[in-house]
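Reading through the structure tokens given below for one structure.
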Amino acid sequence: MAFSTKTLALVTMLGAFAAPAFAQTAATPWELKPDTGYAYDKEGKTFSYKMGTSNAGELLKGAKKVPKGTLFFIGQNGQLYMRSGTYLEGDGKFKFGSNQ
């Protein structure tokens with residue numbers, strides 16, 4: 001079973017957005033684990049898989065790097081989205097945060 005790097009990144013972002021709350025001033029980095037694949041399946045479920053190196057070449061076929069500056073989020077409809085572009089204000093606060 002092969003997963004693209006883009007899929008891995010999407011699932012990882014999904015996990016980050018599933019956190020209890022977003023604090024504008026307390027953003028935390030993701031902790032992706034080596035040799036672990038992350039998947040967002042057709043039903044919208046997320047999974048992680050222990051990976052090996054025997055078929056790494058096949059895994060990389062068709063995989064694409066996720067551009068730096070990409071934001072992933074779940075819309076009100078439950079769909080996973082990604083957006084390239086600015087997501088921080090000039091002062092470093094999250095541009096799309098709550099109004100509190």
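Read-outs: derived from the displayed coordinates by stated rules, not from any lab. Just so it is clear, the structure is predicted and the values come from calculations on it, not from any experiment. Glycine gets a Cβ as well: all are built from the backbone with ideal geometry, and neighbour counts include every protein chain shown.
Computed quantities for the displayed model
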| item | result |
| --- | --- |
| Size of electric dipole in region 60-100: Cβ of Lys, Arg +1 and of Asp, Glu -1, about Cα centre, debye, nearest 20 | 320 |
| Relative frequency of Cα-Cα separations exceeding 16 Å in region 30-100, percent | 68 |
